[in-house]
Amino acid sequence: MAKQKVTVVGAGHVGATVAQRLVENQLADVALVDIVEGLAQGKALDMMQSAATLGFDTTIVGSDNYEHTNNSDVIIVTAGIARKPGMSRDDLLTTNQKIVTQVVKETIQRSPNAIYIVVSNPLDVMTFVAWQTSGLPANRVVGMAGVLDSSRYAAFIAEAIDCSIKDVRAMVLGGHGDSMVPVPEYSTVNGVPITQLLSADVIDQINERTKHGGAEIVSYLKTGSAYYAPAASAVAMAESILLDANRLLPACAYVTGEYGIENVYCGVPVVLNRHGVERIVEIELRDHSYKLLHQSAKTVKELCEKIAAVPL
Ligand code: APR
């Protein structure tokens, strides 16, 4: 198969780590872009100089403009400001709205066939902004949140049960914020539901810690937010698209009637392949999870309506 190409916009913590994982795993050639002069160039050059040692022959080029991004298969948007302690993801709203709009306008004309993976926060709203700006069918614009939140959930489950993380499959749906919905009934250790392995109290504690998993890291870092797990999650999604792998992953997709939710970007299980979101998978949820998913979608919708009123 011919080498594919991924543009990563934003060469900060998340973007640079995404780029590094993509080239080191030889998933695609990478064009890295950042608005700060020299930042993407410097980091790309540094990564290229690790190729001989690590043995990869994918390439990476950095720029402060979009000259190298033409004909990308996937565009990963990590540009924006990150949270500081005390800030919610929603506090980033208007600043990141302007940035994401600009990034999509610049990239779509050069890569009209690309699939977008949005990482900038507040995630669900920024994915909506990217979709609206791009004019693409909604299946080609997807947001990264569910893989990350589920990965955090899995880490806490493995720790509580004291079992191998390799056997844990966890699912978190809904918006990427305080309203996210950990789904214990679909979280298992090698098929065994965690509800049979942990008490309801412990599951509640893990659910809460998962919902605030990002804030916990922000409170340690103080000057920025998480990036290792977010980058790994974005790359897992890119991989499923680039390799046409049909993985079933929780992701932020445009929901049009599934789960009784209408016309909003929200975290749901999807099948991801070279078409982007091949389909949204409707799973049976217990009443409690179903209600929480509805509340979460409503919260996202309200934020989307709020930004629609803000002139750019
Ligand atoms: N075009 C290109 N790059 C931009 C633009 C723009 N218009 N505006 C900002 N950037 C770049 C910044 O220069 C910076 O290098 O985006 C990068 C963001 O990097 P960090 O500040 O390190 O933030 P990071 O931790 O990578 O988070 C990026 O992802 O997880 C989310 O909440 C997080 O919205 C944030 C985004």
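The values are calculated or read from the model by the stated rules, or taken from the named source; none is laboratory data. All values reported here derive from a predicted model rather than from experimental measurement. Because the Cβ atoms are built from the backbone with ideal geometry, glycine has one as well, and the counts that use them run over all protein chains shown. Surface accessibility is based on the protein's heavy atoms, side chains included, excluding ligands, DNA and RNA. Shrake-Rupley method; radii C 1.70, N 1.55, O 1.52, S 1.80 Å.
Does segment 181-197 hold any residues that are in a helix (DSSP H, G or I), touching a residue at least 12 places away in the same chain (Cβ under 8 Å) and either open to solvent by 30 Å² or more (accessible area, probe 1.4 Å) or of a type in the set (Lys, Arg) (or both), and which are they?
Matches in segment 181-197: Glu185, Tyr186.
Return the residue satisfying two criteria in turn: it lies in segment 3-35 and is open to solvent by 10 Å² or more (accessible area, probe 1.4 Å) and touching a Ser or Thr at 6+ places or on another chain (Cβ under 6 Å), and of such residues it is farthest from Met126 (Cα to Cα).
So the residue we want is Gln26.
If you check Glu239 against the conditions, is it over 16 Å from Thr78 (Cβ atoms) and surrounded by 15 or more Cβ atoms within 10 Å (Cβ to Cβ)?
So Glu239 fits the description; yes.
Which residues, taken from segment 113-134, are more than 17 Å from Val6 (Cα to Cα), polar (S, T, N, Q) and either open to solvent by 20 Å² or more (accessible area, probe 1.4 Å) or near the ligand (Cβ under 10 Å from one of its atoms) (or both)?
The answer is Asn121, Gln132, Thr133.
Taking interchain pairs and intrachain pairs at least six residues apart, which have beta carbon atoms under 6 angstrom, with the first residue in segment 55-84 and farther than 15 Å from Tyr116 by Cβ and the second surrounded by fewer than 19 Cβ atoms within 10 Å (Cβ to Cβ) and not acidic (Asp, Glu)?
Phe56/Gln26; Thr58/Gln26; Ile60/Met48; Gly62/Gln41; His68/Val61; Asn70/Arg110; Ile81/Thr95; Ala82/Gly224
Counting residues that are near the ligand (Cβ under 10 Å from one of its atoms), in contact with a strand residue (DSSP E or B) (Cβ under 9 Å, 6 or more places away or on another chain) and β-branched (Val, Ile, Thr), which strands (runs of 3 or more DSSP E) fully inside segment 1-112 reach at least 1?
Here the list reads 5-9, 29-33, 74-77.
Within segment 155-180, which residues are assigned to a helix (DSSP H, G or I) and surrounded by fewer than 24 Cβ atoms within 10 Å (Cβ to Cβ)?
Of segment 155-180, the ones assigned to a helix (DSSP H, G or I) are 155-161, 165-167.
Scanning segment 155-180 gives Ala155, Phe156, Ala158, Glu159, Ala160, Ile161, Ile165, Lys166, Asp167.
Find the residue count for segment 135-146, including only residues that are touching a strand residue (DSSP E or B) at 6+ places or on another chain (Cβ under 9 Å) and surrounded by fewer than 24 Cβ atoms within 10 Å (Cβ to Cβ).
Within segment 135-146, residues that are touching a strand residue (DSSP E or B) at 6+ places or on another chain (Cβ under 9 Å) and surrounded by fewer than 24 Cβ atoms within 10 Å (Cβ to Cβ) number 5.
Among the numbered criteria (1) of a type outside the set (Phe, Trp, Tyr); (2) loosely packed, with under 14 Cβ neighbours inside 10 Å; (3) under 26 Å from Ala145 (Cα atoms), which one does Gln49 miss?
For Gln49, the exception is condition (3).
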